[in-house]
There are 2 protein chains.
Amino acid sequence: MLRVSKLTDYGTVVLARMAREPERTFSAAALAEAVALPVSTVRKLLKVLTRHGLLNSCRGQQGGYQLARPPQRISLADIIEALEGPLGLTECSFQHGLCQLEARCHIRSQWQDVNQVIYGALARVSLVELLAKPSNKSIALLNT
Amino acid sequence: MLRVSKLTDYGTVVLARMAREPERTFSAAALAEAVALPVSTVRKLLKVLTRHGLLNSCRGQQGGYQLARPPQRISLADIIEALEGPLGLTECSFQHGLCQLEARCHIRSQWQDVNQVIYGALARVSLVELLAKPSNKSIALLNT
DNA sequence: TTTATATAGTACTAATATAGTACCGTTTGA
DNA sequence: TCAAACGGTACTATATTAGTACTATATAAA
């Protein structure tokens, strides 16, 4: 239903939590505790986010994870791309040649436009906006 | 990967084809032929679109399907909602009480804003835009 | 140098959703 | 009356997602 995966959903929750203390280093266990999610799940999540450059990690005692960039420079688009791969509403908008209709299809380029617009909207929401308590603020921002 | 289902994808192709002859009544077989998709699949698709008011149907010999509204009044948002249910990027944005984190979650309302923005973008693309050959036209439109 | 802590990588199972198809019933025009 | 065409539903196979566990490696502190 045009839904992000649960892992992505969790990702935004976890990253938003981290954004409240952007300098702090969190262990997976501490984060799981803070957002009330299973440790295994949070661990998986953090690994992926690290691999995609949104987090820095440090092993060993006193190790943990830290935001790789200031919160205002980590967007929903970044998070979704890290956890779900490149955004593409249709198969054909993601990669050429997968769709057998491609030759006869007249609407491929239009889907690509739509993708770009949605990407733009998601890119304009950073962890800072995500964290902002009151609503309607981000909306205003997004519609510029 | 933030992707619409194949059925939705097919739906846009089929409806775009119908929009090229907005007054014409198409049988499922004729449409399937026109867009090179299996008849069974197209049949399923048309039934759902009819149930959701995007098409009018007529049974019997000489029966078939017809756009229920002028093409400029049928949007991607309509199509996606018909085939995938109400748009909601996260579970919680769709319905209250599903997510156990809700009480402790600070970003629910932000997701709702994001949904609205994406809905708006999809609502602004009608079958007419979808059909328009050259690209970058819809983009300009969408960013207003 | 040893040990406890913490991440990295991977693999696996279960549950869910999607894709695709078929069948039977009903309506309607010729 | 018959054939064309939609309506509803059910079913199977496949793919994806969700959740979890296990082993290896790195690091800081004792």
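Sort through B:LEU45, B:LEU15 and tell me the only one that's surrounded by 13 or more Cβ atoms within 10 Å (Cβ to Cβ), of a type in the set (A, V, I, L, M) and closer than 30 Å to A:ASP9 by Cα. Step through it out loud before you land on a result.
On the way: B:LEU15 fails: closer than 30 Å to A:ASP9 by Cα.
Residue meeting the stated conditions: B:LEU45.
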Count of residues meeting criterion [in contact (Cβ under 8 Å) with a residue 24 or more places away in the chain, surrounded by fewer than 17 Cβ atoms within 10 Å (Cβ to Cβ) and among the small types (Gly, Ala, Ser)] in region A:28-42
1
Looking only at region B:21-45, how many residues end up being touching a strand residue (DSSP E or B) at 6+ places or on another chain (Cβ under 6 Å) and more than 10 Å from DNA strand D (Cβ to nearest atom)?
1
In contact (Cβ under 8 Å) with a residue 24 or more places away in the chain, near DNA strand D (Cβ under 10 Å from one of its atoms) and either within 14 Å of chain A (Cβ to nearest Cβ) or of a type in the set (A, V, I, L, M) (or both): is that true of B:VAL48 in this structure?
yes
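So, of the residues in region A:30-72 that are hydroxyl-bearing (Ser, Thr, Tyr) and out of contact with any helix residue (DSSP H, G or I) (no Cβ under 7 Å at 6 or more places or on another chain), which turns out to be farthest from DNA strand C (Cβ to nearest atom)? Talk me through it step by step, then tell me what you get.
Within region A:30-72, the first condition is being hydroxyl-bearing (Ser, Thr, Tyr), and the residues that meet it are A:40-41, A:50, A:57, A:65.
So of that shortlist, the ones also out of contact with any helix residue (DSSP H, G or I) (no Cβ under 7 Å at 6 or more places or on another chain) come out as A:40, A:50.
On the way: A:SER40: 8, A:THR50: 5 Å.
Selected residue: A:SER40.
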State yes or no: is B:THR25 touching a Phe, Trp or Tyr at 6+ places or on another chain (Cβ under 8 Å) and over 29 Å from A:GLY88 (Cα atoms)?
yes
For region B:5-20, enumerate the residues that are under 30 Å from A:ALA77 (Cα atoms), of a type in the set (A, V, I, L, M, F, W, C) and more than 12 Å from DNA strand D (Cβ to nearest atom).
B:VAL13, B:LEU15, B:ALA16
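Each reported figure results from applying straightforward, stated rules to the coordinates on display, with no laboratory input. Everything quoted here is computed from the prediction, not taken from an experiment. No Cβ is skipped: glycine too gets one built from the backbone with ideal geometry, and neighbour counts run over all protein chains shown.
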